[in-house]
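Data block below; observations after.
The values are calculated or read from the model by the stated rules, or taken from the named source; none is laboratory data. Note that the coordinates shown come from a computational prediction; the quantities given were computed from them, not determined experimentally. So basically every Cβ, Gly included, is an ideal-geometry build from the backbone, and we count neighbours across all protein chains shown.
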Amino acid sequence: MNLNLTGQSIVVFGAAKGIGRAIADGFRSEGCTVHGFDRDDSEHSVTLGDVTSYDSVRAFVDTLDVVDHVVFSVGVGSGKFGFPFWNLEPSDWMRVIEVNLIGAVNVAHALAPRLIERGKGSFLFLVSVAGQVGSQTDPPYSASKAALINFTQCAAKDLGPHNIRVNALSPGMVKTELNRSIWAAGQSKLSEEQRITFDEWATEKSKKVSHLGRWQMPEEFAAMATFLASDHAKNITGQTLNIDGGQVMHS
């Protein structure tokens, strides 16, 4: 399928690693110019910054010329095992919400005027199945992603009349550093005899939660992200699309 994206300009927040990096690479393979933004300094092709700082995001956006599509692939967890939720403190919530939700709001505020001026384009927010099912593993993470799903719908309604589409892409089980941190937090609650390796935990969990019984790969999200940016998806907006092996099914 020819996506006809050659020459378009894509902004990817969270482009240094994981799903964000795969998405950035996917757009590059389609002949796009990709502008990456991340707080991680391990990837030299990205601009360093923090999505929780509106000034930082605005300063980055001011360096850009044309912007066709925006991807927000940023997410942090509390770093604690929240089952039940009172294992956490209220103070554990603030940073997670600030990054996962307010960071996305900062990006939308900074870039919506640019896309409105062009009269076309799209936003794509990376959310999580945890935001759809009330996952107890990390309540602050789940709640922040649920809020971002709702914001996606609000933004889609506001921007639709300007020919700008807004969607959310929802991962299930993906082998990223975030999932590794969830494993580590859970293992810290176990005795030495009960602990298992990350690969053992990943295999066991994927069989429990995914009807296909396997992990999802970052490249799958790149394929969907590029499709959603293309004219083939011109009538898709306000949607949360799951790539989760059947983990979440809504009847």
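Which residues, counting only those in the stretch 47-67, are part of a helix (DSSP H, G or I) and small (Gly, Ala, Ser)?
Ser56, Ala59
Restricting to the stretch 46-80, and then to whatever is among the small types (Gly, Ala, Ser) and either touching a Gly at 6+ places or on another chain (Cβ under 6 Å) or surrounded by 20 or more Cβ atoms within 10 Å (Cβ to Cβ) (or both), can you tell me which residue is farthest from Val127 (Cα to Cα)?
If we filter the stretch 46-80 for residues that are among the small types (Gly, Ala, Ser), which is where we start, we get 49, 53, 56, 59, 73, 75, 77-79.
Still in the running and either touching a Gly at 6+ places or on another chain (Cβ under 6 Å) or surrounded by 20 or more Cβ atoms within 10 Å (Cβ to Cβ) (or both): 56, 73, 75, 77-78.
Values: Ser56: 22, Ser73: 8, Gly75: 8, Gly77: 12, Ser78: 16 Å.
Applying the filter and picking the extreme gives Ser56.
Quick one: what pairs do we get from the stretch 58-75, first residue at pLDDT 95 or above, second part of a loop (DSSP other than H, G, I, E, B) and surrounded by fewer than 18 Cβ atoms within 10 Å (Cβ to Cβ), C-beta under 7 Å, 6+ apart or different chains?
Phe60/Gly49
For the stretch 220-236, check the following and say yes or no: at least one residue is closer than 17 Å to Ile182 by Cβ and not acidic (Asp, Glu).
Here is the first cut: in the stretch 220-236, the residues closer than 17 Å to Ile182 by Cβ are none.
No - not one qualifying residue is present in the stretch 220-236.
Just to be sure I understand, how many residues within the stretch 151-168 are within 14 Å of the chain's Cα centre (by Cα) and either surrounded by fewer than 24 Cβ atoms within 10 Å (Cβ to Cβ) or not aliphatic (A, V, I, L, M) (or both)?
Step one: list which residues in the stretch 151-168 are within 14 Å of the chain's Cα centre (by Cα), which gives 151-152, 166-168.
Going one step further and asking which of them are either surrounded by fewer than 24 Cβ atoms within 10 Å (Cβ to Cβ) or not aliphatic (A, V, I, L, M) (or both), we end up with 151-152, 167.
Of the residues in that region, 3 qualify.
Residues to consider are Trp93, Trp86; find the one that is surrounded by fewer than 20 Cβ atoms within 10 Å (Cβ to Cβ) and free of Cβ contacts under 8 Å to residues at least 24 places away in the same chain.
On the way: Trp93 fails: free of Cβ contacts under 8 Å to residues at least 24 places away in the same chain.
Going through Trp93, Trp86 in turn, the sole match is Trp86.
Could you look through the stretch 1-46, keep only residues that are charged (D, E, K, R) and assigned to a loop (DSSP other than H, G, I, E, B), and pick out the one that is modelled with the lowest pLDDT?
Going through the qualifying residues, I end up with Glu43.
Go through Gly79, Gly7, Gly31 for me and flag whichever is at positive phi, over 16 Å from the mean Cα position of the chain (by Cα) and touching a residue at least 60 places away in the same chain (Cβ under 8 Å).
Gly79
From the list Ala147, Ala112, which one is over 17 Å from the mean Cα position of the chain (by Cα) and modelled with pLDDT of 95 or more?
Step by step, each of Ala147, Ala112 is checked, and only Ala112 is over 17 Å from the mean Cα position of the chain (by Cα) and modelled with pLDDT of 95 or more.
Which residues, taken from the stretch 191-221, are closer than 20 Å to Val127 by Cα and free of Cβ contacts under 8 Å to residues at least 24 places away in the same chain?
Glu220
Those residues that are over 16 Å from Ala112 (Cα atoms) and in contact (Cβ under 8 Å) with a residue 60 or more places away in the chain, I need them from the stretch 145-162; list them, please.
Lys145, Ile149
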